[in-house]
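The values are calculated or read from the model by the stated rules, or taken from the named source; none is laboratory data. These numbers come from a predicted model, not from an experiment. Glycine gets a Cβ as well: all are built from the backbone with ideal geometry, and neighbour counts include every protein chain shown.
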Amino acid sequence: MKYSTHGVVWLVVYALFILLPLLALLTGSLPPPRDFWTEFSAALGYSGLAVMGLQFGITARFRYVTEPLGEDVIYHFHRRISLFAVALVIVHPAIMLIVHPQLLAMPTGIDAIPWGAVAAFISVGALIVLVITALWRAELRIPYEWWHFSHIALALIAVTGGLLHMVGWSFYLADPWKRALWIGLTIFWLALLFYVRIIKPLFMLRRPYRITEVRRERGDTTTLVMHPDGHEGFRFRPGQFGWLTVWGTPFKITGHPFSFSSSAAATDGRVEMSIRKLGDFTAGIPDIPVGKRVYLDGPYGAFTIGHPTDMHVLIAGGVGVTPMMSMIRTLADKGDTRPILLLYGSKDWDQVTFREELEALQSRLDLKVVHVLANPPADWFGESGHVSADVLKRHLPEPYAAHEYFICGPGVMMDAIESALSELGVPMSKYHSERYSFV
Ligand SMILES: Cc1cc2nc3c(=O)[nH]c(=O)nc-3n(C[C@H](O)[C@H](O)[C@H](O)COP(=O)(O)OP(=O)(O)OC[C@H]3O[C@@H](n4cnc5c(N)ncnc54)[C@H](O)[C@@H]3O)c2cc1C
């Protein structure tokens, strides 16, 4: 994984967005001082709210922000920082209730409960449901689309409740400019949401794509060939991915991410995605009619070919071969001569997606393909089982740290390869991973 200066700059901007509103509260006219724990708890609440609001920006898919780090790193950060924000927001009332147990005294009627407290209650409740459904979506068997919709709704409820609670108490908001600061922040968060859900889809609506070919591949996989319809399309780098909407408009809450599998050297805006059947959405892909209008949002991701003189070691499991295919096809189109080693794990010989094309590409490139089959046929002399540290050692020339590695496949395989590379002394800066699950 590569962390560029560009990425560090964005992290600093992010930290400023969190800390500046907090520091601003401590300037100008201040309310009468309270005990340490009360003030500390208030600071936690304000910080938690600022972090939560910025989550709308983190997941807004701003290419300029996500590209230097990679989308998976951004989502990983989103998950971790969200848990941190939730911890801050929950510890805030917990400290208050410990320090001021009288707050627990039940008011005489519902009307007697301050609305700021009601807002806090709703906000914390929404946050708890949000965390539970995010952490245990699979175990709770919540379909991805439902989960995605509820995730956005719960986040909105939590942030709105938090803001109302802050205004209801308004302890640090006596100065008009402090109120203006928080109103400004709120407008900024809403603008981010407006951009993601209205402006960007409008832009995509004006730049549709047409399916020009639907190609069946080995391994329950279908390749969609798409051309821009009435515009020039976008350029991508081999290994990147895009969000595809097939049924419905770009205003639909959930798009599906797929790597581009075609050559990035195509000049007519042509884009291909190779999609393996997994659930509801992917099951419908083989039946898409040629001529259908679809929408693409992209390109995204930092998983792309590296230094031209390094040997490229591509390690793929199953459909994780798609970004590798884009890299190989692009290098072939460009007449690139760098050595490439593809270690490719599949279930069985018949399921090896792109098998024949990879065979043919070996004559156009300095490419060696090593197939690793989980269920090899009786007369198989090649590698069997899974791509592992032993397989790596058998086929990699030394020194291992001199090559660049690209890994994409099932999570278990990727974890095993990453630890094998670290045991072989390959520094993190020399390997790149693309995970097919953000959750
Ligand atoms: C960066 C990236 C690149 C990918 N590239 C490819 C590719 O080239 N070829 C390929 O076959 N698959 C690829 N995938 C996986 C693909 O996105 C999922 O298999 C597909 O979205 C599953 O949808 P479904 O409704 O058929 O399955 P479901 O059964 O609904 O979902 C199966 C799992 O896929 C994930 N998923 C489902 N919908 C989404 C969504 N809208 N956004 C994010 N994750 C989702 C969830 O973890 C879910 O549990 C990629 C995933 C990522 C993150």
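At a glance:
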quantity	calculated
Selection count where residues are touching a strand residue (DSSP E or B) at 6+ places or on another chain (Cβ under 8 Å) and either more than 16 Å from the ligand (Cβ to nearest atom) or assigned by TED's automatic domain parsing to the domain that holds Leu83 (or both), scope segment 397-431	9
Residue list for segment 207-248, filter: hydrophobic (A, V, I, L, M, F, W, C) and more than 15 Å from Ile288 (Cα to Cα)	Phe234, Phe236, Phe241, Trp243
Selection status of Ile90, of a type in the set (Val, Ile, Thr), in the same structural domain as Ala50 (by TED's automatic domain parsing), surrounded by 14 or more Cβ atoms within 10 Å (Cβ to Cβ) and closer than 23 Å to Ile58 by Cα	yes
Residue, farthest from the ligand (Cβ to nearest atom), within segment 257-271, restricted to residues that are within 20 Å of Ile288 (Cβ to Cβ) and surrounded by fewer than 18 Cβ atoms within 10 Å (Cβ to Cβ)	Gly269
Members of segment 310-325 that are surrounded by fewer than 24 Cβ atoms within 10 Å (Cβ to Cβ), more than 14 Å from Val372 (Cβ to Cβ) and touching a Ser or Thr at 6+ places or on another chain (Cβ under 7 Å)	none
Residue check for Arg215: in contact with a strand residue (DSSP E or B) (Cβ under 9 Å, 6 or more places away or on another chain) and either near the ligand (Cβ under 10 Å from one of its atoms) or part of a strand (DSSP E or B) (or both)	yes
Residue match in segment 331-338 (condition: surrounded by 24 or more Cβ atoms within 10 Å (Cβ to Cβ) and either under 30 Å from Phe203 (Cβ atoms) or in contact with a Leu (Cβ under 9 Å, 6 or more places away or on another chain) (or both))	yes
Residue ranges of helices (runs of 4 or more DSSP H) in segment 95-199 with at least 3 members of a type in the set (Gly, Ala, Ser), at pLDDT 90 or above and within 17 Å of Leu49 (Cβ to Cβ)	115-135, 144-169
Qualifying residues in segment 348-364 (those that are of a type in the set (A, V, I, L, M, F, W, C) and buried (at least 19 other Cβ atoms within 10 Å of the Cβ)) - the one farthest from Arg215 (Cα to Cα)	Leu361
Verdict on Leu224 being outside the structural domain of Ala42 (by TED's automatic domain parsing) and either within 25 Å of Ile275 (Cα to Cα) or out of contact with any Gly (no Cβ under 6 Å at 6 or more places or on another chain) (or both)	yes
Qualifying residue in segment 152-173 (condition: within 16 Å of the ligand (Cβ to nearest atom) and under 26 Å from the mean Cα position of the chain (by Cα))	yes
Close pairs from segment 1-28: first within 30 Å of Met414 (Cα to Cα), partner at pLDDT below 80, Cβ under 6 Å, at least 6 apart	Ser4/Pro68; His6/Pro68; Gly7/Pro68; Gly7/Leu69; Trp10/Val65
Close pairs from segment 416-439: first more than 30 Å from Gly242 (Cβ to Cβ), partner surrounded by fewer than 16 Cβ atoms within 10 Å (Cβ to Cβ) and at pLDDT below 90, Cβ under 6 Å, at least 6 apart	Ala420/Ala389
Qualifying residue in segment 237-249 (condition: away from the ligand (no atom under 15 Å from the Cβ), surrounded by 14 or more Cβ atoms within 10 Å (Cβ to Cβ) and outside the structural domain of Leu358 (by TED's automatic domain parsing))	no
Criterion violated by Ala316 - all others in (1) outside the structural domain of Arg394 (by TED's automatic domain parsing); (2) within 12 Å of the ligand (Cβ to nearest atom) satisfied	(1)
Pairs, first at pLDDT 80 or above in segment 53-79, second within 12 Å of the ligand (Cβ to nearest atom) and among the β-branched types (Val, Ile, Thr), C-beta under 6 Å, six or more apart	Ile74/Thr66; His78/Thr59
Yes/no for Arg61 being of a type in the set (Lys, Arg), crowded, with 16+ Cβ neighbours inside 10 Å and not in a helix (DSSP H, G or I)	yes
Residues of segment 274-311 classified as more than 21 Å from the chain's Cα centre (by Cα), free of Cβ contacts under 8 Å to residues at least 12 places away in the same chain and within 11 Å of the ligand (Cβ to nearest atom), total	1
Residue match in segment 343-363 (condition: within 30 Å of His76 (Cβ to Cβ), more than 16 Å from the ligand (Cβ to nearest atom), of a type outside the set (Lys, Arg) and at pLDDT 95 or above)	yes
